[in-house]
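Engineer: Quick one: the structure is below, and I'll ask about it shortly.
The values are calculated or read from the model by the stated rules, or taken from the named source; none is laboratory data. No experiment lies behind these values; they were computed from the predicted model shown. Positions of Cβ are generated from backbone atoms using ideal geometry, with glycine treated the same way; all protein chains shown enter the neighbour counts.
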Amino acid sequence: MATMMGTHINQPPLFSYRVHLEHRIRANHPLRAIKERIDFTFIRAAVADQYGHNGNESVDPVILLKLMFLLFYDNIASERELMQMLPERLDYLWFLGYELDDVVPHHSVLSKARRRWGPAVFERFFVRTVGQCVAAGLVDGKKLHLDASLNLAHASCDSVVKSGPELIAALKAAYQAVASKLDDTSTPADYPAVNDRVMSTTDPDAAVVRHGTQPARPRYHHHRAVDDAHGVITAIETTPGSIAENQRALPLLTQHTLTTGTAPQTVVADHKYGTAENFVACQQQGIVTHLGDARAKQRHAGSHGIFPESAFTYDATTNTYRCPAGQTLPPRRLHGSKRTWEYTPAKGVCAACALRTQCTRSKTGRTLHRHEHQALLDQARAQSHSPAGRRDRRRRQHLVEGSFADAANHHGFKRARWRRLPRVQIQDSLIAAIQNIKILLKPRPPVPAAPAVAHIIPFPGGIPPHRSATFTGPAPSRSV
């Protein structure tokens, strides 16, 4: 039987009563799982004190948070573009709780909400995702990987000005005064400045630093801690690009303990974190240090062909060193910042020594340095160079760097979308929360339950009257 070709007549009805967005979203749509598992309604109580009791009614904070979530979840270029796309995306409308005829809010409501709420609200959203991952058994909490990423600020090189330290400090103070009038915040005072001769007039919070062979540009530093079990991000911090990785290691460990409720037992990171301060601090807290050794990466061209420090014998009873020539090196002074003792021989000893050319090239003689907690430092470095330490650092390369790659490729992580430190902190909190949600909702095969097997346990002389000879559970290692 022949089939007649049909022709669709595009004539929209005057009224439509049969459009139900719930039926238009497929069952396996990613946003459906997010809507079912993630509670966005906490935001109402979190920001309730920032709204009044009269005046114009704002957009629901739940919708505002979901809009900012979608902005980074699908890496949409701008808030303006997101609002333009919204009427076209039935899944977005359904996720937000809108109907087809609802009015889409103006894109400016998002910037106003960010300014009113501040970064602490978005950090709380991130912490809630960590808690859900902990409750789902996706966080072990005992082994932690640390790393940092140097990201571009939303400012060009043309905005960078160079001058003397006095003028740059005055410019920063002026920008800080303007920011305070606008109820905005800037770089905290406890962040030390590395370069006090340059600043960006577009984003004064961003530090002008180099990255590898790339030229100096305004940048931010994103620090994060990743759990070893499934790659859940448990701690984050965003700082100006001048703040080095090793300075934020201990704050990340503290934040991890607060967000997960579990103190780390092993910390893994590359050689940039392997400073004496981090080694000793971790050892004092009982944390195994699988950090790369920063000292091993240092190259001393002038030390080739001379006696290493291991050739000198330390005497703990007298707190002195004995050199290969048999001379004594007593302690001279304690360096306040490095917390190391300096050991030098008496004046003229090295100049008259027959082994001088094999020991030092310094005119004043050989000098040794010993940390005030050298025993802990030696223990930490032994853990660093152990096979387990090297194995953990190899795993860190794909675990943490894979986390950064996912954030950069899918969520616009490598460049700041907004200016000033608080807004960049909001961006990084949202991206980290999205990555944790993806891990939480990732399908995993169910773990099969171990079958219960009855085992007969023979007892010499018969079965004790108070104990059954049959029990259900794992097989014993041996018969009693």
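Engineer: Just for strands (runs of 3 or more DSSP E) wholly inside the stretch 249-366: which have at least 2 residues that are out of contact with any Phe, Trp or Tyr (no Cβ under 6 Å at 6 or more places or on another chain) and either under 30 Å from Arg394 (Cα atoms) or of a type in the set (A, V, I, L, M, F, W, C) (or both)? Reasoning before the result, please.
Structural biologist: Values: elements: 266-269, 288-291, 313-315, 320-322, 331-335, 340-343.
Of the strands (runs of 3 or more DSSP E) lying wholly inside the stretch 249-366, those with at least 2 residues that are out of contact with any Phe, Trp or Tyr (no Cβ under 6 Å at 6 or more places or on another chain) and either under 30 Å from Arg394 (Cα atoms) or of a type in the set (A, V, I, L, M, F, W, C) (or both) span 266-269, 288-291.
Engineer: Still on this model: Which pairs have Cβ atoms under 9 Å, sit 6 or more apart or on different chains, and link a residue in the stretch 205-233 that is closer than 29 Å to Cys133 by Cβ and surrounded by fewer than 18 Cβ atoms within 10 Å (Cβ to Cβ) to one that is of a type in the set (A, V, I, L, M) and modelled with pLDDT of 85 or more?
Structural biologist: Ala229/Leu138; Ala229/Val139
Engineer: Scan the stretch 408-440 residue by residue and report those that are farther than 14 Å from His154 by Cα and either free of Cβ contacts under 8 Å to residues at least 40 places away in the same chain or surrounded by fewer than 17 Cβ atoms within 10 Å (Cβ to Cβ) (or both).
Structural biologist: Ala408, Asn409, His410, Lys438
Here is a yes/no grid of residues against (1) at pLDDT below 95; (2) in contact with a Phe, Trp or Tyr (Cβ under 6 Å, 6 or more places away or on another chain); (3) surrounded by fewer than 20 Cβ atoms within 10 Å (Cβ to Cβ):
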{"site": "Leu86", "(1), (2), (3)": "yes, yes, yes"}
{"site": "Leu93", "(1), (2), (3)": "yes, no, yes"}
{"site": "Ser111", "(1), (2), (3)": "yes, no, yes"}
{"site": "Phe122", "(1), (2), (3)": "no, no, no"}
{"site": "Arg128", "(1), (2), (3)": "no, no, yes"}
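Engineer: Might you let me know whether the stretch 421-428 holds any residue that is under 29 Å from His271 (Cβ atoms), assigned to a helix (DSSP H, G or I) and not assigned by TED's automatic domain parsing to the domain that holds Leu150? Talk me through it step by step, then tell me what you get.
Structural biologist: Let us first name the residues in the stretch 421-428 that are under 29 Å from His271 (Cβ atoms), namely 421, 424-425, 427-428.
Keeping just the survivors that are assigned to a helix (DSSP H, G or I) gives 421, 424-425, 427-428.
Filter again for not assigned by TED's automatic domain parsing to the domain that holds Leu150, leaving none.
No, the stretch 421-428 contains no residue that is under 29 Å from His271 (Cβ atoms), assigned to a helix (DSSP H, G or I) and not assigned by TED's automatic domain parsing to the domain that holds Leu150.
Engineer: Oh, and also: Based on this model, can you work out whether Ile457 counts as at pLDDT 55 or above and either of a type outside the set (A, V, I, L, M, F, W, C) or farther than 30 Å from Arg295 by Cβ (or both)?
Structural biologist: Details: at pLDDT 55 or above: no; either of a type outside the set (A, V, I, L, M, F, W, C) or farther than 30 Å from Arg295 by Cβ (or both): yes.
So Ile457 fails the test.
Engineer: Filter the stretch 226-248 down to the residues that are in a loop (DSSP other than H, G, I, E, B) and either in contact with a Phe, Trp or Tyr (Cβ under 8 Å, 6 or more places away or on another chain) or under 19 Å from Phe122 (Cα atoms) (or both) and list them by number.
Structural biologist: Correct list: Val232, Gly241, Ser242, Ile243.
Engineer: Right, next: Starting from the stretch 255-281, take each residue that is more than 30 Å from Ala135 (Cβ to Cβ) and in the same structural domain as Gly389 (by TED's automatic domain parsing) and list its partners that are part of a helix (DSSP H, G or I) and among the hydroxyl-bearing types (Ser, Thr, Tyr), counting only C-beta distances under 8 angstrom and pairs at least six apart or across chains.
Structural biologist: Close Cβ pairs satisfying both conditions: Gly274/Ser384; Phe279/Ser384.
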